[in-house]
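The values are calculated or read from the model by the stated rules, or taken from the named source; none is laboratory data. Here the structure is a predicted model, which means the values were calculated and not measured. Note that we place each Cβ from the backbone using ideal geometry, even for glycine, and neighbour counts take in every protein chain shown. The accessibility values were calculated without ligands, DNA or RNA, using every heavy atom of the protein model including side chains. Shrake-Rupley method; radii C 1.70, N 1.55, O 1.52, S 1.80 Å.
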Amino acid sequence: MPKEHIVQAYDAELGNLEKMIVEMGERARLQLDQSITSLVEHDVALARTVVADDIFIDQLELEVATRATQIFALRQPVADDLRSIVAALKISSDLERIGDHAKNISKRTITLTKMPLVSEFGNSLRRIHALVDNMIHDVLEAYRGRDAKKALAVLAQDTEVDKIYTSLFREILTYMMEDPKNITALTHLLFIAKNIERIGDHATNIAEQVYYVKTGHYIERDREKADQAISIIIE
Amino acid sequence: MVEIMDTYIEIKSVNVMATTDNPTPPKMTTKNVSVSYDNNRALKNVHLNIAENRVTALIGPSGCGKTTYLRCLNRMNDLIATCKVEGEIKLGGHDIYARDVDVEVLRRRIGMVFQKANPFPKSIFDNVAYGPRIHGLANSKEELDAIVQKSLRRAGLLDEVENRLNASGTSLSGGQQQRLCIARAIAIEPEVILMDEPCSALDPIATAKIEELINELKERYTIVIVTHSMQQAARVSDYTAYFHLGELVEQGETNRIFTAPKNSKTEAYITGRIG
(Lines give C-alpha, C1' and ligand atoms only; values in the text may rest on other atoms or scores of the structure.)
Protein backbone atom coordinates (compact mmCIF):
# COMPACT_ATOMS: atom_id res chain seq x y z
CA MET A 1 0.00 0.00 0.00
CA PRO A 2 1.35 3.42 -0.84
CA LYS A 3 2.29 5.23 2.32
CA GLU A 4 1.51 8.72 1.16
CA HIS A 5 -1.90 10.26 0.83
CA ILE A 6 -2.90 11.99 -2.39
CA VAL A 7 -3.38 15.13 -0.30
CA GLN A 8 0.14 15.71 1.01
CA ALA A 9 -0.93 18.17 3.69
CA TYR A 10 -2.80 15.29 5.33
CA ASP A 11 0.45 13.33 5.63
CA ALA A 12 2.12 16.36 7.17
CA GLU A 13 -0.67 16.67 9.74
CA LEU A 14 -0.49 12.99 10.70
CA GLY A 15 3.31 13.24 10.82
CA ASN A 16 3.12 16.22 13.16
CA LEU A 17 0.79 14.37 15.47
CA GLU A 18 3.23 11.47 15.63
CA LYS A 19 6.16 13.81 16.27
CA MET A 20 4.32 15.44 19.16
CA ILE A 21 3.56 12.06 20.72
CA VAL A 22 7.19 11.02 20.45
CA GLU A 23 8.31 14.33 21.93
CA MET A 24 5.85 13.92 24.80
CA GLY A 25 7.18 10.41 25.35
CA GLU A 26 10.81 11.50 25.40
CA ARG A 27 10.02 14.37 27.74
CA ALA A 28 8.05 12.07 30.08
CA ARG A 29 10.95 9.65 30.09
CA LEU A 30 13.42 12.39 30.90
CA GLN A 31 11.17 13.74 33.65
CA LEU A 32 10.96 10.32 35.24
CA ASP A 33 14.70 9.80 34.94
CA GLN A 34 15.44 13.15 36.59
CA SER A 35 12.87 12.58 39.32
CA ILE A 36 14.53 9.30 40.32
CA THR A 37 18.02 10.82 40.11
CA SER A 38 16.95 13.74 42.27
CA LEU A 39 15.46 11.29 44.75
CA VAL A 40 18.41 8.96 45.16
CA GLU A 41 20.99 11.76 44.96
CA HIS A 42 19.01 14.18 47.14
CA ASP A 43 19.19 16.80 44.41
CA VAL A 44 16.51 19.32 45.32
CA ALA A 45 17.36 21.68 42.48
CA LEU A 46 16.80 18.91 39.95
CA ALA A 47 13.55 17.95 41.67
CA ARG A 48 12.36 21.54 41.33
CA THR A 49 13.22 21.49 37.62
CA VAL A 50 11.09 18.37 37.16
CA VAL A 51 8.15 20.03 38.91
CA ALA A 52 8.50 23.14 36.76
CA ASP A 53 8.95 21.31 33.45
CA ASP A 54 5.79 19.24 33.74
CA ILE A 55 3.91 22.07 32.08
CA PHE A 56 5.60 21.38 28.73
CA ILE A 57 4.08 17.89 28.64
CA ASP A 58 0.70 19.31 29.59
CA GLN A 59 0.93 21.84 26.77
CA LEU A 60 1.83 19.13 24.29
CA GLU A 61 -1.19 17.11 25.33
CA LEU A 62 -3.46 20.06 24.61
CA GLU A 63 -1.75 20.58 21.29
CA VAL A 64 -2.29 16.92 20.35
CA ALA A 65 -5.97 17.19 21.27
CA THR A 66 -6.38 20.38 19.24
CA ARG A 67 -4.65 19.01 16.16
CA ALA A 68 -6.47 15.67 16.34
CA THR A 69 -9.83 17.44 16.58
CA GLN A 70 -8.94 19.52 13.54
CA ILE A 71 -8.03 16.42 11.55
CA PHE A 72 -11.34 14.77 12.50
CA ALA A 73 -13.24 17.84 11.34
CA LEU A 74 -11.31 18.54 8.18
CA ARG A 75 -10.21 15.13 6.88
CA GLN A 76 -12.83 12.68 8.11
CA PRO A 77 -10.17 10.04 8.74
CA VAL A 78 -11.00 6.34 8.30
CA ALA A 79 -9.30 2.96 8.72
CA ASP A 80 -5.65 3.06 9.88
CA ASP A 81 -5.61 6.88 9.81
CA LEU A 82 -8.63 6.95 12.10
CA ARG A 83 -7.12 4.39 14.43
CA SER A 84 -3.83 6.25 14.65
CA ILE A 85 -5.54 9.55 15.53
CA VAL A 86 -7.77 7.96 18.16
CA ALA A 87 -4.68 6.26 19.56
CA ALA A 88 -2.70 9.52 19.57
CA LEU A 89 -5.40 11.08 21.73
CA LYS A 90 -5.33 8.23 24.21
CA ILE A 91 -1.57 7.84 24.22
CA SER A 92 -1.10 11.56 24.86
CA SER A 93 -3.24 11.36 27.98
CA ASP A 94 -1.26 8.36 29.25
CA LEU A 95 1.98 10.27 28.65
CA GLU A 96 0.60 13.29 30.42
CA ARG A 97 -0.19 11.10 33.42
CA ILE A 98 3.35 9.71 33.37
CA GLY A 99 4.56 13.30 33.55
CA ASP A 100 2.27 13.93 36.52
CA HIS A 101 3.65 10.92 38.36
CA ALA A 102 7.23 12.12 37.78
CA LYS A 103 6.24 15.53 39.07
CA ASN A 104 4.65 13.95 42.14
CA ILE A 105 7.82 11.97 42.83
CA SER A 106 9.85 15.17 42.69
CA LYS A 107 7.49 17.02 45.00
CA ARG A 108 7.86 14.24 47.54
CA THR A 109 11.63 14.27 47.00
CA ILE A 110 11.73 17.92 48.05
CA THR A 111 9.93 16.94 51.26
CA LEU A 112 12.00 13.81 51.82
CA THR A 113 15.32 15.65 51.81
CA LYS A 114 14.21 17.45 54.96
CA MET A 115 13.82 14.10 56.73
CA PRO A 116 16.18 11.33 57.84
CA LEU A 117 17.67 9.63 54.83
CA VAL A 118 16.15 6.48 53.55
CA SER A 119 19.02 5.41 51.38
CA GLU A 120 18.39 1.69 51.84
CA PHE A 121 15.88 1.82 49.02
CA GLY A 122 18.14 3.38 46.41
CA ASN A 123 18.90 0.13 44.63
CA SER A 124 15.33 -1.11 44.54
CA LEU A 125 14.13 2.25 43.25
CA ARG A 126 16.81 2.30 40.57
CA ARG A 127 15.87 -1.23 39.55
CA ILE A 128 12.17 -0.57 39.21
CA HIS A 129 12.91 2.70 37.44
CA ALA A 130 15.20 0.98 34.95
CA LEU A 131 12.42 -1.46 34.09
CA VAL A 132 9.78 1.22 33.67
CA ASP A 133 12.16 3.41 31.70
CA ASN A 134 12.78 0.49 29.38
CA MET A 135 9.04 0.00 28.96
CA ILE A 136 8.56 3.62 27.93
CA HIS A 137 11.52 3.42 25.58
CA ASP A 138 10.23 0.22 23.97
CA VAL A 139 6.65 1.38 23.68
CA LEU A 140 7.75 4.59 21.96
CA GLU A 141 9.77 2.52 19.52
CA ALA A 142 6.79 0.23 18.97
CA TYR A 143 4.67 3.32 18.34
CA ARG A 144 7.09 4.85 15.87
CA GLY A 145 7.46 1.58 13.98
CA ARG A 146 3.82 0.50 14.36
CA ASP A 147 5.25 -2.73 15.76
CA ALA A 148 2.52 -4.91 17.31
CA LYS A 149 5.00 -7.58 18.42
CA LYS A 150 7.11 -5.10 20.31
CA ALA A 151 3.96 -3.68 21.90
CA LEU A 152 3.05 -7.14 23.21
CA ALA A 153 6.55 -7.51 24.64
CA VAL A 154 6.03 -4.29 26.61
CA LEU A 155 2.90 -5.75 28.19
CA ALA A 156 4.89 -8.71 29.41
CA GLN A 157 7.47 -6.44 31.07
CA ASP A 158 4.88 -4.94 33.38
CA THR A 159 4.66 -8.19 35.36
CA GLU A 160 8.23 -7.70 36.60
CA VAL A 161 7.52 -4.10 37.59
CA ASP A 162 4.53 -5.21 39.62
CA LYS A 163 6.62 -7.85 41.35
CA ILE A 164 9.32 -5.37 42.37
CA TYR A 165 6.67 -2.95 43.57
CA THR A 166 5.13 -5.66 45.70
CA SER A 167 8.44 -6.48 47.31
CA LEU A 168 9.19 -2.78 47.86
CA PHE A 169 5.83 -2.43 49.53
CA ARG A 170 6.65 -5.28 51.86
CA GLU A 171 10.10 -3.93 52.58
CA ILE A 172 8.79 -0.46 53.38
CA LEU A 173 6.18 -1.85 55.75
CA THR A 174 8.85 -3.83 57.53
CA TYR A 175 10.97 -0.72 58.02
CA MET A 176 7.96 1.14 59.35
CA MET A 177 7.42 -1.50 61.96
CA GLU A 178 11.06 -1.42 62.97
CA ASP A 179 11.05 2.29 63.72
CA PRO A 180 7.83 4.30 63.73
CA LYS A 181 9.87 7.51 63.55
CA ASN A 182 10.47 6.76 59.89
CA ILE A 183 6.79 6.34 59.01
CA THR A 184 6.38 9.80 57.46
CA ALA A 185 9.36 9.45 55.16
CA LEU A 186 8.51 5.85 54.34
CA THR A 187 4.95 6.76 53.48
CA HIS A 188 6.26 9.27 50.96
CA LEU A 189 8.54 6.59 49.64
CA LEU A 190 5.65 4.18 49.35
CA PHE A 191 3.75 6.69 47.26
CA ILE A 192 6.81 7.16 45.09
CA ALA A 193 7.02 3.41 44.52
CA LYS A 194 3.34 3.43 43.63
CA ASN A 195 3.92 6.34 41.21
CA ILE A 196 6.55 4.34 39.40
CA GLU A 197 4.34 1.25 39.30
CA ARG A 198 1.49 3.33 37.82
CA ILE A 199 3.83 4.62 35.13
CA GLY A 200 4.35 1.00 34.09
CA ASP A 201 0.58 0.65 33.78
CA HIS A 202 0.42 3.72 31.55
CA ALA A 203 3.15 2.24 29.36
CA THR A 204 1.05 -0.91 28.97
CA ASN A 205 -1.98 1.20 28.05
CA ILE A 206 0.11 2.81 25.32
CA ALA A 207 1.26 -0.62 24.16
CA GLU A 208 -2.38 -1.66 23.82
CA GLN A 209 -3.06 1.40 21.67
CA VAL A 210 -0.09 0.63 19.44
CA TYR A 211 -1.38 -2.90 18.98
CA TYR A 212 -4.79 -1.51 18.03
CA VAL A 213 -3.37 0.97 15.54
CA LYS A 214 -1.43 -1.76 13.82
CA THR A 215 -3.97 -4.59 13.82
CA GLY A 216 -7.41 -2.98 14.21
CA HIS A 217 -8.00 -5.29 17.18
CA TYR A 218 -7.91 -4.63 20.88
CA ILE A 219 -6.03 -6.96 23.19
CA GLU A 220 -8.12 -8.60 25.83
CA ARG A 221 -6.05 -9.45 28.84
CA ASP A 222 -6.90 -11.51 31.80
CA ARG A 223 -5.76 -8.82 34.13
CA GLU A 224 -4.44 -11.02 36.85
CA LYS A 225 -2.08 -8.43 38.17
CA ALA A 226 1.35 -9.17 39.51
CA ASP A 227 0.90 -6.23 41.82
CA GLN A 228 -0.10 -8.20 44.87
CA ALA A 229 0.51 -5.37 47.30
CA ILE A 230 -3.22 -4.88 47.63
CA SER A 231 -3.54 -8.23 49.39
CA ILE A 232 -0.49 -8.03 51.62
CA ILE A 233 -1.00 -8.34 55.35
CA ILE A 234 1.92 -8.11 57.71
CA GLU A 235 1.30 -9.29 61.23
CA MET B 1 3.58 -13.20 57.27
CA VAL B 2 3.59 -12.27 53.65
CA GLU B 3 1.71 -14.09 50.98
CA ILE B 4 2.15 -13.56 47.31
CA MET B 5 0.22 -15.55 44.78
CA ASP B 6 1.66 -16.87 41.58
CA THR B 7 0.76 -14.59 38.79
CA TYR B 8 0.37 -14.77 35.07
CA ILE B 9 -0.76 -12.67 32.20
CA GLU B 10 -2.54 -14.32 29.37
CA ILE B 11 -2.73 -12.31 26.24
CA LYS B 12 -5.21 -12.92 23.53
CA SER B 13 -6.32 -10.75 20.73
CA VAL B 14 -9.96 -9.95 20.16
CA ASN B 15 -11.55 -8.05 17.38
CA VAL B 16 -14.11 -5.84 19.06
CA MET B 17 -15.62 -5.21 15.68
CA ALA B 18 -15.73 -8.95 15.17
CA THR B 19 -18.67 -9.83 13.04
CA THR B 20 -19.44 -12.55 10.67
CA ASP B 21 -19.54 -10.39 7.59
CA ASN B 22 -22.95 -10.54 5.93
CA PRO B 23 -24.94 -12.46 8.53
CA THR B 24 -28.28 -11.18 7.19
CA PRO B 25 -30.01 -13.59 4.77
CA PRO B 26 -29.32 -12.56 1.18
CA LYS B 27 -32.05 -11.12 -1.01
CA MET B 28 -29.85 -11.50 -4.04
CA THR B 29 -26.85 -13.72 -4.64
CA THR B 30 -24.28 -13.25 -7.35
CA LYS B 31 -21.70 -15.86 -8.19
CA ASN B 32 -18.79 -15.65 -10.55
CA VAL B 33 -20.23 -12.66 -12.35
CA SER B 34 -18.09 -11.39 -15.22
CA VAL B 35 -19.01 -8.68 -17.69
CA SER B 36 -17.29 -7.66 -20.88
CA TYR B 37 -17.90 -4.96 -23.43
CA ASP B 38 -16.55 -5.86 -26.88
CA ASN B 39 -14.28 -8.45 -25.25
CA ASN B 40 -12.97 -5.91 -22.75
CA ARG B 41 -13.56 -7.31 -19.33
CA ALA B 42 -15.20 -4.79 -17.05
CA LEU B 43 -15.98 -7.17 -14.20
CA LYS B 44 -14.18 -10.34 -13.14
CA ASN B 45 -15.69 -13.22 -11.19
CA VAL B 46 -17.62 -11.25 -8.64
CA HIS B 47 -19.13 -13.16 -5.73
CA LEU B 48 -21.35 -10.96 -3.62
CA ASN B 49 -24.53 -11.39 -1.64
CA ILE B 50 -27.00 -8.56 -1.21
CA ALA B 51 -28.50 -8.68 2.29
CA GLU B 52 -32.25 -8.35 2.59
CA ASN B 53 -33.62 -5.10 4.08
CA ARG B 54 -30.15 -3.70 4.33
CA VAL B 55 -28.24 -1.07 2.42
CA THR B 56 -25.26 -2.31 0.46
CA ALA B 57 -22.87 0.33 -0.84
CA LEU B 58 -20.63 -0.30 -3.83
CA ILE B 59 -17.53 1.88 -3.79
CA GLY B 60 -14.36 2.16 -5.82
CA PRO B 61 -12.56 4.47 -8.23
CA SER B 62 -14.03 5.36 -11.62
CA GLY B 63 -13.95 2.45 -14.01
CA CYS B 64 -13.76 -0.15 -11.22
CA GLY B 65 -16.94 -1.89 -12.38
CA LYS B 66 -19.31 -0.91 -9.59
CA THR B 67 -21.93 0.64 -11.88
CA THR B 68 -21.54 -2.24 -14.33
CA TYR B 69 -22.23 -4.61 -11.46
CA LEU B 70 -25.24 -2.60 -10.31
CA ARG B 71 -26.68 -2.66 -13.80
CA CYS B 72 -26.38 -6.45 -13.95
CA LEU B 73 -28.74 -6.71 -10.99
CA ASN B 74 -31.79 -5.69 -12.99
CA ARG B 75 -30.45 -6.55 -16.41
CA MET B 76 -29.95 -2.97 -17.51
CA ASN B 77 -26.91 -4.20 -19.39
CA ASP B 78 -29.26 -6.09 -21.76
CA LEU B 79 -29.80 -2.72 -23.43
CA ILE B 80 -26.15 -2.56 -24.50
CA ALA B 81 -25.59 -4.77 -27.54
CA THR B 82 -21.86 -5.30 -27.00
CA CYS B 83 -22.26 -6.20 -23.35
CA LYS B 84 -21.90 -9.82 -22.29
CA VAL B 85 -22.81 -10.95 -18.78
CA GLU B 86 -21.61 -14.29 -17.41
CA GLY B 87 -22.13 -15.99 -14.07
CA GLU B 88 -25.12 -16.46 -11.85
CA ILE B 89 -27.36 -13.74 -10.42
CA LYS B 90 -30.32 -14.80 -8.33
CA LEU B 91 -33.19 -12.90 -6.80
CA GLY B 92 -34.95 -14.81 -4.06
CA GLY B 93 -33.21 -17.96 -5.26
CA HIS B 94 -34.22 -17.64 -8.92
CA ASP B 95 -31.81 -16.94 -11.75
CA ILE B 96 -32.72 -13.54 -13.19
CA TYR B 97 -30.98 -14.35 -16.47
CA ALA B 98 -33.01 -17.55 -17.02
CA ARG B 99 -34.81 -17.79 -20.39
CA ASP B 100 -38.27 -17.66 -18.94
CA VAL B 101 -37.69 -14.45 -17.00
CA ASP B 102 -39.80 -11.52 -18.16
CA VAL B 103 -37.42 -8.56 -17.92
CA GLU B 104 -40.30 -6.11 -17.44
CA VAL B 105 -41.52 -8.09 -14.44
CA LEU B 106 -37.97 -8.34 -13.14
CA ARG B 107 -37.52 -4.56 -13.31
CA ARG B 108 -40.78 -4.14 -11.47
CA ARG B 109 -39.26 -6.18 -8.66
CA ILE B 110 -35.92 -4.38 -8.87
CA GLY B 111 -36.38 -0.64 -9.30
CA MET B 112 -33.70 1.88 -10.12
CA VAL B 113 -32.85 5.49 -9.32
CA PHE B 114 -30.25 7.22 -11.45
CA GLN B 115 -27.50 9.75 -10.95
CA LYS B 116 -29.40 12.55 -12.59
CA ALA B 117 -33.01 12.92 -11.53
CA ASN B 118 -35.03 12.11 -14.61
CA PRO B 119 -38.70 12.84 -13.96
CA PHE B 120 -40.99 12.44 -16.95
CA PRO B 121 -42.17 15.76 -18.44
CA LYS B 122 -45.51 15.14 -16.81
CA SER B 123 -47.24 16.18 -13.63
CA ILE B 124 -45.95 15.11 -10.24
CA PHE B 125 -48.99 12.86 -9.91
CA ASP B 126 -48.50 11.23 -13.30
CA ASN B 127 -44.82 10.63 -12.65
CA VAL B 128 -45.68 8.48 -9.65
CA ALA B 129 -48.84 6.99 -11.20
CA TYR B 130 -46.99 5.93 -14.34
CA GLY B 131 -45.69 2.60 -13.06
CA PRO B 132 -48.83 1.49 -11.24
CA ARG B 133 -50.83 2.34 -14.39
CA ILE B 134 -48.76 0.35 -16.85
CA HIS B 135 -48.49 -2.57 -14.46
CA GLY B 136 -52.23 -2.42 -13.69
CA LEU B 137 -51.71 -2.13 -9.93
CA ALA B 138 -54.77 0.06 -9.28
CA ASN B 139 -58.37 -0.85 -10.05
CA SER B 140 -59.86 2.56 -9.47
CA LYS B 141 -59.00 6.23 -9.36
CA GLU B 142 -59.17 6.05 -5.54
CA GLU B 143 -56.70 3.21 -5.42
CA LEU B 144 -54.34 5.05 -7.73
CA ASP B 145 -54.63 8.20 -5.59
CA ALA B 146 -53.82 6.15 -2.53
CA ILE B 147 -50.74 4.62 -4.17
CA VAL B 148 -49.47 8.04 -5.28
CA GLN B 149 -50.04 9.55 -1.84
CA LYS B 150 -48.39 6.63 -0.09
CA SER B 151 -45.38 6.63 -2.41
CA LEU B 152 -44.86 10.38 -2.10
CA ARG B 153 -45.14 10.07 1.68
CA ARG B 154 -42.62 7.26 1.83
CA ALA B 155 -40.28 9.27 -0.36
CA GLY B 156 -40.59 12.15 2.11
CA LEU B 157 -41.98 14.46 -0.55
CA LEU B 158 -45.73 14.55 0.13
CA ASP B 159 -45.71 17.53 2.49
CA GLU B 160 -43.84 19.61 -0.04
CA VAL B 161 -45.98 18.84 -3.09
CA GLU B 162 -49.42 17.94 -1.72
CA ASN B 163 -50.99 21.16 -3.01
CA ARG B 164 -49.50 21.00 -6.46
CA LEU B 165 -49.71 17.43 -7.64
CA ASN B 166 -50.61 18.67 -11.09
CA ALA B 167 -47.50 20.82 -11.41
CA SER B 168 -44.81 19.48 -13.70
CA GLY B 169 -42.31 17.12 -12.13
CA THR B 170 -39.52 19.10 -13.75
CA SER B 171 -40.59 22.25 -11.88
CA LEU B 172 -39.26 20.79 -8.63
CA SER B 173 -35.79 21.43 -7.20
CA GLY B 174 -33.03 18.90 -7.87
CA GLY B 175 -33.41 17.21 -4.51
CA GLN B 176 -37.19 17.10 -4.82
CA GLN B 177 -36.88 15.67 -8.34
CA GLN B 178 -34.65 12.90 -7.02
CA ARG B 179 -37.16 12.11 -4.26
CA LEU B 180 -39.90 12.14 -6.93
CA CYS B 181 -37.91 9.54 -8.84
CA ILE B 182 -37.66 7.48 -5.65
CA ALA B 183 -41.43 7.84 -5.16
CA ARG B 184 -41.88 6.70 -8.76
CA ALA B 185 -39.60 3.72 -8.14
CA ILE B 186 -41.39 2.60 -4.98
CA ALA B 187 -44.91 3.15 -6.38
CA ILE B 188 -44.73 -0.28 -8.01
CA GLU B 189 -43.67 -1.91 -4.72
CA PRO B 190 -40.28 -3.24 -5.80
CA GLU B 191 -38.33 -5.61 -3.57
CA VAL B 192 -34.95 -4.12 -4.38
CA ILE B 193 -34.01 -0.54 -5.20
CA LEU B 194 -30.79 0.14 -7.09
CA MET B 195 -29.37 3.64 -6.75
CA ASP B 196 -26.63 4.88 -9.01
CA GLU B 197 -25.00 7.95 -7.46
CA PRO B 198 -28.36 9.34 -6.36
CA CYS B 199 -26.90 12.39 -4.61
CA SER B 200 -24.02 13.38 -6.85
CA ALA B 201 -25.86 16.44 -8.18
CA LEU B 202 -27.42 17.48 -4.89
CA ASP B 203 -26.42 19.98 -2.21
CA PRO B 204 -25.71 18.76 1.35
CA ILE B 205 -29.25 19.42 2.63
CA ALA B 206 -30.91 17.57 -0.24
CA THR B 207 -28.30 14.84 0.16
CA ALA B 208 -29.08 14.50 3.87
CA LYS B 209 -32.78 14.16 3.05
CA ILE B 210 -32.09 11.36 0.57
CA GLU B 211 -29.80 9.65 3.08
CA GLU B 212 -32.46 9.84 5.78
CA LEU B 213 -34.92 8.46 3.25
CA ILE B 214 -32.63 5.55 2.41
CA ASN B 215 -32.47 4.74 6.10
CA GLU B 216 -36.28 4.66 6.30
CA LEU B 217 -36.74 2.75 3.05
CA LYS B 218 -34.56 -0.16 4.09
CA GLU B 219 -37.27 -1.34 6.44
CA ARG B 220 -39.31 -2.32 3.38
CA TYR B 221 -36.80 -2.63 0.61
CA THR B 222 -33.38 -4.00 -0.07
CA ILE B 223 -31.14 -1.20 -1.30
CA VAL B 224 -27.96 -1.23 -3.33
CA ILE B 225 -26.24 2.11 -3.79
CA VAL B 226 -23.28 3.09 -5.92
CA THR B 227 -21.54 6.14 -4.53
CA HIS B 228 -18.35 8.06 -5.10
CA SER B 229 -18.63 9.57 -1.66
CA MET B 230 -16.99 7.34 0.89
CA GLN B 231 -18.52 9.37 3.68
CA GLN B 232 -21.92 8.69 2.16
CA ALA B 233 -21.24 4.97 1.98
CA ALA B 234 -20.14 5.10 5.61
CA ARG B 235 -23.24 7.04 6.62
CA VAL B 236 -25.97 5.12 4.83
CA SER B 237 -24.87 1.56 4.31
CA ASP B 238 -24.83 -1.57 6.43
CA TYR B 239 -22.48 -3.41 4.09
CA THR B 240 -19.82 -2.08 1.80
CA ALA B 241 -18.22 -3.72 -1.22
CA TYR B 242 -15.01 -2.27 -2.62
CA PHE B 243 -14.32 -2.74 -6.32
CA HIS B 244 -11.01 -2.13 -8.02
CA LEU B 245 -10.14 -2.74 -11.68
CA GLY B 246 -13.18 -4.94 -12.24
CA GLU B 247 -12.63 -7.07 -9.17
CA LEU B 248 -14.43 -7.22 -5.88
CA VAL B 249 -11.53 -6.60 -3.51
CA GLU B 250 -13.30 -6.68 -0.17
CA GLN B 251 -16.79 -6.71 1.21
CA GLY B 252 -18.18 -6.71 4.72
CA GLU B 253 -19.89 -4.71 7.40
CA THR B 254 -19.50 -1.00 6.82
CA ASN B 255 -18.41 -0.51 10.44
CA ARG B 256 -15.51 -2.81 9.93
CA ILE B 257 -14.56 -1.70 6.43
CA PHE B 258 -14.16 1.90 7.59
CA THR B 259 -12.35 1.18 10.84
CA ALA B 260 -10.28 -1.91 10.12
CA PRO B 261 -10.36 -3.02 6.48
CA LYS B 262 -8.57 -6.29 5.86
CA ASN B 263 -7.27 -5.59 2.39
CA SER B 264 -4.51 -3.04 1.87
CA LYS B 265 -6.08 -1.91 -1.43
CA THR B 266 -9.31 -1.09 0.36
CA GLU B 267 -7.36 0.78 3.01
CA ALA B 268 -5.42 2.73 0.40
CA TYR B 269 -8.62 3.77 -1.38
CA ILE B 270 -10.75 4.78 1.58
CA THR B 271 -7.92 6.68 3.25
CA GLY B 272 -7.09 8.55 0.04
CA ARG B 273 -3.76 6.96 -0.77
CA ILE B 274 -4.53 5.72 -4.29
CA GLY B 275 -3.18 7.67 -7.25
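Using the average count of surrounding beta-carbon atoms within 10 Å as a protection proxy, the listed peptides A:142-155, A:52-65 rank, highest first, as A:142-155, A:52-65. Net charge dipole, the protein assembly as shown: roughly 1660 debye, given to the nearest 20, about the Cα centre with Cβ charges of +1 for Lys and Arg and -1 for Asp and Glu.
Please work out the Cα center distance from the range A:188-217 to the range B:172-188, rounded to the nearest Å. Each part's Cα centre sits 56 Å from the other's. Take the accessible area of chain B alone and of chain A alone, subtract that of the pair, and you get about 3000 Å² summed over both chains, using a 1.4 Å probe. Taking label points 7 Å from Cα along the Cα-to-Cβ direction, A:A156 and A:D11 give a separation of 3.5 nm. Based on protein heavy atoms only, the range A:166-229 ends up with 40 Å² per residue of surface accessible to a 1.4 Å probe. Extension gain for A:R127-A:F56 works out to 22.9 nm (0.36 nm per residue, less the C-alpha to C-alpha distance). Among A:H202, A:H137, A:H217, the largest mean-square fluctuation in a Gaussian network model of chain A (Cα springs under 10 Å) belongs to A:H217. The local environment of A:R48, defined by Cβ-Cβ distances under 12 Å, has a net charge of -1 under the rule Lys, Arg +1 and Asp, Glu -1. Applying 1/(1 + (r/R0)^6) with r as the Cβ-Cβ distance of B:D100 and B:N139 and R0 = 30 angstrom yields a FRET efficiency of 0.60. Structural descriptor for chain A: relative contact order 25 percent, calculated from alpha carbon pairs under 8 angstrom and at least 6 residues apart.
With the full set of protein chains in place, find how many percent of the accessible area of the range B:203-275 is carbon and sulfur; take the probe as 1.4 Å. Carbon plus sulfur share of accessible area: 48 percent. Nearest 0.05, what FRET efficiency do A:K19 and B:D38 give at R0 = 56 Å with Cβ-Cβ as r? Efficiency at R0 = 56 Å is approximately 0.60. Projected label points at B:T170 and A:V40, each 7 Å from Cα along the beta carbon direction, are separated by 8.7 nanometres. The value of relative contact order for chain B, using C-alpha pairs under 8 Å at least six residues apart, is 26 percent.
What is the average number of partner chain Cβ atoms found within 10 Å of a Cβ in B:259-272?
Values: counts 7, 9, 4, 1, 1, 3, 1, 2, 6, 7, 3, 6, 12, 11.
Taking all residues of B:259-272 together, the mean is 5.
Over the C-alpha trace of chain A, radius of gyration and Dmax come out as 19.5, 68 angstrom.
Rounded to whole Å and sorted largest first, what semi-axes of the equivalent ellipsoid does the C-alpha gyration tensor of the protein assembly as shown yield via the square root of 5 times each eigenvalue?
Working: eigenvalues 835, 103, 84 Å².
Here the semi-axes work out to 65, 23, 20 Å.
Computed per residue of chain B from DSSP H runs no shorter than four, each worth -39500 (n - 2.57), the mean residue ellipticity at 222 nm is -9000 deg cm²/dmol.
Tell me, what is the per residue accessible area of the range B:60-155 in Å², probe radius 1.4 Å? Spell out each step's value before the answer.
Values: 4900 Å² over 96 residues.
Value returned for the range B:60-155: 51 Å² of accessible area per residue.
Neighbours of B:A233 by Cβ distance under 11 Å: Lys/Arg scored +1, Asp/Glu scored -1, total 0. With just the Cα atoms defining each centre, how far is the range B:194-264 from the range B:104-159? Give it in Å. Distance between centres, Cα-based: 24 Å.
Test of understanding: what is the full-extension gain from A:I233 to A:D179, defined as 0.36 nm times their sequence separation minus their Cα-Cα distance? Walk me through the numbers before you get to the answer.
Values: separation 54, 0.36 × 54 = 19.44 nm, distance 1.81 nm.
Stretched out fully, the A:I233 to A:D179 stretch lengthens by 17.6 nm.
The range A:22-63 and the range A:108-163 have their alpha-carbon centroids 14 Å apart.
How well do other chains shield peptide A:209-218, expressed as the mean number of their Cβ atoms within 10 Å of each residue Cβ?
On the way: counts 0, 0, 2, 3, 0, 0, 3, 9, 8, 5.
Whole-number average of other-chain Cβ neighbours for A:209-218 is 3.
Averaged over its residues, how many other protein chain Cβ atoms are within 10 Å of peptide A:71-81's Cβ atoms?
Working: counts 0, 0, 0, 0, 2, 5, 4, 13, 13, 9, 5.
Mean number of neighbouring Cβ atoms from other chains: 5.
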